[in-house]
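Peer 1: Pasting a structure below so you can have a look.
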Amino acid sequence: MKLSQRVRISILLLGDIVALYAALIAALYLRYGSDFADQFVSNHLRPFTFIFPIWLLVFYVAGLYDPRRLRNNIDFAKTLSLTLAVNAFITIALFYLVPAFGIAPKTNLFLFIVILVIVESWWRRSFNVRLSFRDGLVKILLLDRSPRAGEIDTELKNPHLGYTVVAWPERGWEGGLASDIQKLVERHDVNLVVVPAKLKHDAVTRRALYELLTTGVEILDLPAFYETVFRKIPLADIDESWFVDHHLGRHDFYDDLKRAGEFLAALCLGLVLLPIELLIALGVKISSPGPVFIRQTRVGKQNRPFTLYKFRSMKALAADGSAETNGAAWTKAKDDRTTFFGKFLRASHLDELPQLLNILRNELSFVGPRPERPELVKVIEGDVPYYDIRHLVKPGITGWAQINYRYGASVDDAYSKLEYDLYYLKNRSLIMDVAIILKTLKSFFINQK
């Protein structure tokens, strides 16, 4: 039986309340063992019962009870993470600034927050999949006949994202369909209309879409919805105005914060991993003749060239110790120039360790678009539109394109990877960077195809 929106939100609210009290009880049990019940009733029940409505209110203000936002995507993860952090700060402040509570639980509060983050994240993701998606799919009117629209229609046949295409007109949108929009929306009970970006400039269509907005129907252009579904930007459906609207290079506060954190992390990792780096250097030297390090010129932020350092993983075929006898070449997943020891280094990504020096020198980031050779950049820029926009930020050791796409071995691959890089430039944040790093680390333990 299909649940109403009010019932689904009530279930979600009840689940949040259960998660709050369950996390508190679990924290007290870990701290006090069999005495947790006495601690719960006598010292913790009243102050936490006062604080929990504040948590729920912050959830509401952040939009976590809005059915349109209950999707397991990067935006929801960022909102939930920020909300949990704000609530944790408020809770800590109240306990230490309001003496009336009578307790200042340092360890208990820490355990509670850690457990709640785990429980609430699991509960919210489970709710999104099992209730919101299956029982309340967003119904889409897809008014586009481009190949990207076809990709969307195919992808959404599996309702894992919480959407379903209920209407996709066989004839293209040529302006005569504007009068039929309202009928299609009413006939199929549509919640979301996806249109080609160019239609925003058509006065008749724009008016019809505006009237839909006043009835509560959401309107998105194809690039925006394609981004939601595939987590990349469709190059074929954007123009210069898209870049002007989204200000891809303006994340000054986060970029400064990221720089400080990465400098400290690179310095600590460099010192901790120094013994491993010495062993790798010895292995490179013994396994094949040539230098231990490869120094390659790469294109960095604002098109500035810099020298990238790596442990040599290929045979030293050129005078400079590199494997390139005829200039820069595309990287291949399986390259016959790779040495036996180099295969291990590349599979484990340990050949990248010297790039910690590039991070210390502010030439490279842990996360960002992968830097390319200047010779290859010239070739790519001639065939791939907007490629130079990726140089708005520092390149990275790993990136969104690296974890979502195979090795780049052609201009076509560069085109596809740029779609992921643009998504990263538009959405980069602490949560996204941490997710990319964790997924990169996970790949170390999984056999690569």
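Peer 1: What is the distance, in nm, between label points placed 7 Å from the Cα along the Cα-to-Cβ direction at TYR29 and at TYR96?
Peer 2: For TYR29 paired with TYR96, the spin-label model returns 2.9 nm.
Peer 1: Can I ask one more? Can you put LEU56, LEU274 in order of accessible area, largest first, using a 1.4 Å probe? Walk me through the numbers before you get to the answer.
Peer 2: Details: LEU56 30, LEU274 85 Å².
In descending accessible area the options line up as LEU274, LEU56.
Peer 1: Below 13 angstrom from the Cβ of LEU56, what's the summed charge of the other residues (Lys, Arg +1; Asp, Glu -1)?
Peer 2: Charge balance near LEU56 sits at -2.
Peer 1: Also: Ignoring any ligand, DNA or RNA, what whole percent of the accessible area of the chain comes from carbon and sulfur when the probe is 1.4 angstrom? Display every interim value, and only then the final one.
Peer 2: Numbers: 14520 of 23860 Å².
In the chain, the share of accessible area belonging to carbon and sulfur is 61 percent.
Peer 1: Around SER365, which amide H atoms from residues at least 5 apart in sequence, or from another chain, sit under 5 Å from its own amide H, with H modelled in the peptide plane?
Peer 2: GLY396, ILE397
Peer 1: I've got another one for you. LYS285 accessible area, nearest 10 Å², 1.4 Å probe?
Peer 2: About 120 Å², ignoring ligands and nucleic acids.
Peer 1: Could you work out how far apart the two model spin labels at ASP189 and VAL229 are, taking each label as a point 7 Å from the Cα in the direction of the beta carbon, and quote it in nm?
Peer 2: Spacing of the two 7 Å Cα→Cβ label points: 2.2 nm.
Peer 1: What spacing in nm lies between the two simple spin-label points modelled at ALA236 and PHE263, each 7 Å away from Cα in the Cβ direction?
Peer 2: Distance between the two pseudo-spin positions: 4.5 nm.
Peer 1: Also: Leaving ligands, DNA and RNA out of it, rank SER348, SER365, SER241, SER34 by accessible area with a 1.4 Å probe, largest first. Working shown, then result.
Peer 2: Details: SER348 25, SER365 0, SER241 60, SER34 110 Å².
Putting SER348, SER365, SER241, SER34 in descending order of accessible area: SER34, SER241, SER348, SER365.
Peer 1: Per residue, what accessible area does the chain have, given a 1.4 Å probe and all protein chains present, in Å²? Show your work: numbers first, answer last.
Peer 2: Numbers: 23860 Å² over 449 residues.
Using a 1.4 Å probe on heavy atoms only, each residue of the chain averages 53 Å².
Peer 1: Next up: What whole-number distance in Å separates the alpha-carbon centres of the stretch 3-74 and the stretch 188-237?
Peer 2: Cα centres, the stretch 3-74 to the stretch 188-237: 36 Å.
Peer 1: Counting only C-alpha contacts under 8 Å and six or more residues apart, can you give the relative contact order of the chain as a whole percent?
Peer 2: Working: 537 pairs, mean separation 49.6, N = 449.
So the answer I get is 11 percent.
Peer 1: Another question, if that's okay. Rounded to the nearest 500 deg cm²/dmol, what is the calculated helix-only ellipticity per residue at 222 nm for the chain, with -39500 (n - 2.57) per DSSP H run of length n ≥ 4?
Peer 2: It lands at -16500 deg cm²/dmol.
Peer 1: Among ARG428, ARG304, what's the order by accessible area (1.4 angstrom probe), most exposed first?
Peer 2: Output order, biggest surface exposure first: ARG304, ARG428.
Peer 1: Amide H neighbours of PHE293 under 5 Å, at least 5 residues apart or on other chains, H built in the peptide plane: list them.
Peer 2: ARG312
Peer 1: So how much slack lies between LEU14 and VAL434, counting 0.36 nm per residue of separation and subtracting their Cα-Cα distance, in nm? Provide the component values of the computation, followed by the final result.
Peer 2: Details: separation 420, 0.36 × 420 = 151.20 nm, distance 3.03 nm.
Gain on stretching LEU14 to VAL434: 148.2 nm.
Peer 1: Starting from the Cα-Cα distance between SER126 and ASP75, subtract it from 0.36 nm times their residue separation and give me the gain in nm to one decimal. Intermediate values should be presented prior to the final figure.
Peer 2: Values: separation 51, 0.36 × 51 = 18.36 nm, distance 1.64 nm.
My answer for the length gained is 16.7 nm.
The values are calculated or read from the model by the stated rules, or taken from the named source; none is laboratory data. Quick caveat, the model's predicted, so the values are computed rather than measured. Virtual Cβ from ideal backbone geometry, glycine too; neighbours counted across all protein chains shown. The protein model used for the area step is the full one, side chains on, heavy atoms only, and it has no ligands, DNA or RNA in it. Shrake-Rupley method; radii C 1.70, N 1.55, O 1.52, S 1.80 Å.
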